There are 2 protein chains.
Amino acid sequence: MKQELHAMNDEKAVEIFKALSNQTRLNILQMLKNAETNFSAQAHVIKEADFEGGVCVSDIHKKTGTSQSTTSQYLSILLQSGLLETKRIGQWTYYRRNEEMIKQFSQYIGLNL
Amino acid sequence: MKQELHAMNDEKAVEIFKALSNQTRLNILQMLKNAETNFSAQAHVIKEADFEGGVCVSDIHKKTGTSQSTTSQYLSILLQSGLLETKRIGQWTYYRRNEEMIKQFSQYIGLNL
DNA sequence: TCGGTATATCGTTATTTGCCGATATGTAAA
DNA sequence: TTTACATATCGGCAAATAACGATATACCGA
């Protein structure tokens, strides 16, 4: 039989629901969907194979309408839930979507909700 | 162009995420998926065309591990979010899934997350 | 090594949520 | 028309969340 790796359980799903139960955090996830169009050319969108699609905290902060500290905290909630992944490069911390987790969550909804 | 009726917006989605960001409420929604198997024969599952799949509050309460008042409150949060619908028949209030809303939410996730 | 910039963390306050017991309300049955 | 049952609502308290400014930490460039 085909083995489904990393199938999501209810507990993990609840953690993701919590992460998304805030308008600003939902917006962040959505804005990162098309980082190149949502963030200006000057913005630090990573184009290298290094960490493609990653955007640094200050650029995200400029779009959220919340303080730097709140933005940082929201990013870490999204990171903890698994919806985002991160990489520090020099003095910047880049965040991008974890498409694999998002796909699993979407599948979970379709199957288990 | 094809008109998408009742397309969900972000605000509604956040309300649904909030409703599901609690393990007990998620369980309730899932238990109601197969009301006939999850609730005993003696339980007041409505089989008539009247309100098919509906289960009364006390039967749901027995399964949740929370108090009667908490169960009632959780049901009304799920109702308010649109994930459930309700009908009072005699002294019982029946709740069942609103499959249309659940489908729209699932589609929203697939398209907008 | 010293600013300067980027980010994370801390401490705080206001609001919301989780959850309960007690009580009120609504309905049926005796 | 009492009584019993089903459900909703109220009042409360502890915990979690929202959000901020201030501060600490990390890294870089001069």
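Here, each number is a calculation from the coordinates, and none is a lab measurement. Since this is a predicted model, take the numbers as computed values, not measurements. In this analysis, Cβ positions are derived from the backbone assuming ideal geometry, glycine residues included, and neighbour counts consider all displayed protein chains.
In the protein assembly as shown, helical runs assigned H by DSSP with n ≥ 4 each contribute -39500 (n - 2.57); averaged across all residues and rounded to the nearest 500, the mean residue ellipticity at 222 nm is -15500 deg cm²/dmol. Expressed per residue, the C-alpha convex hull volume of the protein assembly as shown stands at 181 Å³.
Please give me, ordered by residue number, the trypsin sites (Lys or Arg not before Pro) of the range A:24-113 that lie in loop per DSSP and have at most 15 other Cβ atoms within 10 Å. In loop regions of the range A:24-113 (DSSP not H, G, I, E or B), the sparsely surrounded trypsin sites (Lys or Arg not before Pro) are A:47.
Semi-axis lengths, largest first, of the ellipsoid equivalent to chain B are 26, 16, 12 Å, with √(5λ) applied to each eigenvalue of the Cα gyration tensor. Past 25 Å, Cα to Cα, is the threshold; run A:33/B:33; A:87/B:18; A:63/B:103; A:18/B:63; B:62/B:103; A:18/A:63 against it and keep the listed order. Violating the 25 Å Cα-Cα cut-off are A:33/B:33; A:87/B:18; A:63/B:103; B:62/B:103. Within the listed set B:40, B:72, B:58, the residue fluctuating most in the Gaussian network model of chain B (springs between alpha-carbon atoms under 10 angstrom) is B:40.
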